[in-house]
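Reviewing the structure listed below.
The values are calculated or read from the model by the stated rules, or taken from the named source; none is laboratory data. Keep in mind that this is a model prediction, so the values were computed, not measured. Neighbour counts run over all protein chains shown; Cβ positions are idealised from the backbone, glycine included. To get the accessible areas, we keep the full protein, side chains included, count just its heavy atoms, and leave off ligands, DNA and RNA. Shrake-Rupley method; radii C 1.70, N 1.55, O 1.52, S 1.80 Å.
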Amino acid sequence: MRDAVKLVLAAGLAAGTANAQEPEIRLTEIASGLRNVTDIQNAGDGSGQLFFAQQNGIIRVYESGQLRDTPFLDVQTKTRTSGECGLLGLAFPPGYAAKRYFYVNYTDPNCSTSLVSRYRLSAGANSADPLSEQIVLRQAQPFQNHNGGQLRFGPDGFLWIAFGDGGSGGDPRNNAQSGLVWLGKMLRIDVESSQTPYRIPPDNPFVGDSRFLPEIWATGLRNPWRFSFDRETRDLWIADVGQNRAEEVNYTPAGSRGGENYGWRLMEGLRCFTAACAPDRLVLPVHEYDTRNQNDVSVTGGFVYRGSRYPSLTGTYIYGDYASGRIWGLRSEAGQFRNRLLLESRLSLSTFGEDEEAEVYLADHRGGRIYRIDATQAQPRRPAATAVANAASFENGAVAGSAVTVFGTDLTAGAGITAAAGIPLPLSLAGLAVRVNGRDAPIYAVAGANGAGQVNIQVPWETTGAKASIVLVRDGVSSLPLEVPLLALQPGVFTTDGSTAIIVRTSNNTLATSLNPLRAGELVYLYATGLGPVGNTPATGSGGPSSPLAHAVTSPTVAIDGVSCEVTFAGLAPDLVGLYQVNIRVPAGIGRGGHELVVRSGNMTSKRVLVFSD
């Protein structure tokens, strides 16, 4: 039942509902006049060029602010634009400037076969010879959708290739879960140490396993439309298009040895798609979004921003939806992935790309335009603390070691609630840090909406003096200090609704309510704040110890309608941070119905809260 008080500190934050939100990014058009762009790449050769792959088989070059008239590659006779068919991917190998060849992924004119091929530059020219094709691999496509198409050299120097499940709907041949086909998989092959046409990396996860083809790195993908590696961390991000309910973003940290099963068709996003679903054996997405509203249809994967122009975007995975044009930012904070809307672009987002400086671009498929993503604000807004209150009673003040709520403005960039993933509590969350008398305070949760927000923290045990000076720090910008009284004691009782106490039965950890009232002689416990110093004090940010328990130095008393309760324990709640637990025996003779409960510690008395007895 300790989850009840966690909800009070996290999901119960009065964040409100976000309505209008200032866009965090803007789009700057750099090129137009293109046709159905499916990929944006740079060659990594220091030229500063960008390459735009068009679905019709033409690759255009963007250089010094201009589109070259002469195509870089023209293989229109080998493919065609139709639905999800055509030229779908482009990749340049490490050392391209000296090697003068590159790789493409396209479907044949009948859209019955996907091909990964190598093309070479013409002698003495900066364009490719369309007759130089060397086919690396072929994959038959049973249907004309879910072809995947992305290929990219990973940080390991190997070529990674994403194939969809072969199409139709619901993966009728169960390709994504079959180890004997490439469909629905991420492949990893070595095309650079040998060109015959490729080798299998010896550390691929299924080498020597007859149940799987050796090229396979990961399984369980439906239609992975764009994947990328984080330039800094080398983590892998895959956006996988869903069936009818959800689109998903998958994340695999660098250092993975492969073999991940991302779930399709056992699961769609975070929910089971078939009866044989076993989520504990799968790698679940770190984020999903519902496609049944707001005109979202198909996820388009992007990149983690590592450019130098906009520090506020650093570490944010930028991606979008093809149909709605909405662009989001997803980032890991304190062990949790937090998603926020960056812009309603209303473009048909077919792909994202990076230049050599790690700035991020996107393509409008229908409009034939390329845009650079820019941040709307060069500097974050200054946060402000407006009030500090006891996290249970909301009375002004703070007690060392206890939980408080700091109210303010401009605490977060977006709307919503971000809660700490575990204990010890983090010292920053959602881009926000809180300092109490110059010392970083552990954070339970942060909430914001329409500029207003609040953050729940533990006042560090080491805090001393007559006042607590609170400073908020967001993205390196500090608020003005707000001073509140630092009290030795300030008892407060956690409630479910602002008036009804959270009272839990010791016997079975169920919540006592008006429908399930207390009984005379029953052993129960409540959660409180502000009960002051304890013995066996844990480190700031760490949970209360369970052996030996941390008893309150000042023993509190509890009364229901003025009738004293026997207190069997009062001190830190085991495994919770800065929260106190008071165990009592319900006294006889208080009668049936609602009653007022108060906790007194020293000369301080809590606000009255409501309890019910039978």
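Residue selection: VAL446 fails the criterion of being farther than 20 Å from ASN339 by Cβ, touching a residue at least 24 places away in the same chain (Cβ under 8 Å) and open to solvent by less than 30 Å² (accessible area, probe 1.4 Å).
Which of (1) open to solvent by less than 30 Å² (accessible area, probe 1.4 Å); (2) closer than 19 Å to THR77 by Cα is the odd one out, the single condition GLY154 does not satisfy? With respect to (1) open to solvent by less than 30 Å² (accessible area, probe 1.4 Å); (2) closer than 19 Å to THR77 by Cα, GLY154 is out only on (2).
Per the conditions (1) more than 38 Å from the chain's Cα centre (by Cα); (2) on the phi > 0 side of the Ramachandran plot; (3) surrounded by 20 or more Cβ atoms within 10 Å (Cβ to Cβ), the sole criterion not satisfied by GLY593 is (3). Restricting attention to the range 13-35, the residues that are at pLDDT 95 or above, over 22 Å from LEU342 (Cβ atoms) and buried (at least 19 other Cβ atoms within 10 Å of the Cβ) total 1.
Would it be correct to say that GLY307 is among the small types (Gly, Ala, Ser), farther than 25 Å from LEU90 by Cα and open to solvent by less than 20 Å² (accessible area, probe 1.4 Å)? Taking the combined requirement at face value, the residue does not satisfy it.
Within the range 449-470, the set of residues being crowded, with 19+ Cβ neighbours inside 10 Å, closer than 28 Å to GLY315 by Cβ and out of contact with any Phe, Trp or Tyr (no Cβ under 6 Å at 6 or more places or on another chain) comprises ALA449, GLY453, VAL455, ILE457, GLN458, PRO460, ILE470. Within the range 373-381, is there a residue that is open to solvent by less than 40 Å² (accessible area, probe 1.4 Å), assigned to a loop (DSSP other than H, G, I, E, B) and farther than 23 Å from TYR444 by Cα? No, there is no match, as no residue in the range 373-381 is open to solvent by less than 40 Å² (accessible area, probe 1.4 Å), assigned to a loop (DSSP other than H, G, I, E, B) and farther than 23 Å from TYR444 by Cα. If a residue has to be open to solvent by less than 10 Å² (accessible area, probe 1.4 Å) and part of a strand (DSSP E or B) to count, how many in the range 55-84 make the cut? Within the range 55-84, residues that are open to solvent by less than 10 Å² (accessible area, probe 1.4 Å) and part of a strand (DSSP E or B) number 3. Looking only at the range 162-195, residues that are farther than 19 Å from LEU282 by Cβ, open to solvent by less than 10 Å² (accessible area, probe 1.4 Å) and among the small types (Gly, Ala, Ser) come to 2 in all.
Looking across the range 310-332, the residues that are open to solvent by less than 10 Å² (accessible area, probe 1.4 Å) and of a type in the set (Val, Ile, Thr) come down to THR316, ILE318, ILE327. Those strands (runs of 3 or more DSSP E) of the range 464-547 in which at least 2 residues are β-branched (Val, Ile, Thr), considering only elements entirely within it, cover 467-474, 503-505, 523-529. Residues in the range 509-528: is at least one under 20 Å from ILE423 (Cβ atoms), open to solvent by 10 Å² or more (accessible area, probe 1.4 Å), at pLDDT below 95 and of a type outside the set (Lys, Arg)? Looking through the range 509-528, at least one residue is under 20 Å from ILE423 (Cβ atoms), open to solvent by 10 Å² or more (accessible area, probe 1.4 Å), at pLDDT below 95 and of a type outside the set (Lys, Arg).
Only one of PRO574, PRO548, PRO533 is free of Cβ contacts under 8 Å to residues at least 40 places away in the same chain and open to solvent by 60 Å² or more (accessible area, probe 1.4 Å); which? If you could, list the steps in order and put the result at the bottom.
Values: PRO574 fails: open to solvent by 60 Å² or more (accessible area, probe 1.4 Å); PRO533 fails: free of Cβ contacts under 8 Å to residues at least 40 places away in the same chain.
PRO548 is the lone residue from the list that is free of Cβ contacts under 8 Å to residues at least 40 places away in the same chain and open to solvent by 60 Å² or more (accessible area, probe 1.4 Å).
Can you confirm whether the range 346-368 contains a residue that is open to solvent by 50 Å² or more (accessible area, probe 1.4 Å), of a type outside the set (A, V, I, L, M, F, W, C) and assigned to a strand (DSSP E or B)? Scanning the range 346-368, I find no residue that is open to solvent by 50 Å² or more (accessible area, probe 1.4 Å), of a type outside the set (A, V, I, L, M, F, W, C) and assigned to a strand (DSSP E or B), so the answer is no. Any residue that is more than 22 Å from THR496 (Cβ to Cβ), in a strand (DSSP E or B), touching a Lys or Arg at 6+ places or on another chain (Cβ under 6 Å) and not polar (S, T, N, Q) - is there at least one of those in the range 565-582? Checked against the condition, which is being more than 22 Å from THR496 (Cβ to Cβ), in a strand (DSSP E or B), touching a Lys or Arg at 6+ places or on another chain (Cβ under 6 Å) and not polar (S, T, N, Q), the range 565-582 yields at least one hit.
Count of the range 228-267 residues, restricted to those that are among the basic types (Lys, Arg), under 14 Å from TYR317 (Cα atoms) and touching a strand residue (DSSP E or B) at 6+ places or on another chain (Cβ under 8 Å), is 1. Cβ-Cβ distances below 8 Å connect the following pairs, each with a first residue in the range 314-325 that is within 18 Å of THR376 (Cβ to Cβ), a second residue that is open to solvent by 10 Å² or more (accessible area, probe 1.4 Å) and among the hydroxyl-bearing types (Ser, Thr, Tyr), and a separation of six or more residues or different chains: GLY315/SER332; GLY320/SER345; GLY325/SER345.
In the range 96-124, which residue that is small (Gly, Ala, Ser) and under 24 Å from GLY164 (Cβ atoms) is most open to solvent (accessible area, probe 1.4 Å)? That would be SER112. Note on the range 551-571: residues that are of a type outside the set (A, V, I, L, M), open to solvent by less than 30 Å² (accessible area, probe 1.4 Å) and without any contact (Cβ under 8 Å) to a residue 60 or more places away in the chain amount to 3.
Would you check which residues across the range 85-95 are open to solvent by 10 Å² or more (accessible area, probe 1.4 Å) and either under 17 Å from ASN126 (Cα atoms) or not in a loop (DSSP other than H, G, I, E, B) (or both) and list them?
Correct list: PHE92, GLY95.
Does the range 215-230 contain at least one residue that is of a type outside the set (Asp, Glu), surrounded by fewer than 17 Cβ atoms within 10 Å (Cβ to Cβ) and more than 15 Å from SER114 (Cβ to Cβ)?
Looking only at the range 215-230, we keep the residues that are of a type outside the set (Asp, Glu), and these are 216-229.
Narrowing the set further to residues that are surrounded by fewer than 17 Cβ atoms within 10 Å (Cβ to Cβ) leaves none.
Looking through the range 215-230, none of the residues is of a type outside the set (Asp, Glu), surrounded by fewer than 17 Cβ atoms within 10 Å (Cβ to Cβ) and more than 15 Å from SER114 (Cβ to Cβ).
Looking only at the range 596-614, residues that are modelled with pLDDT under 95 and either of a type in the set (Ser, Thr, Tyr) or open to solvent by less than 30 Å² (accessible area, probe 1.4 Å) (or both) come to 1 in all.
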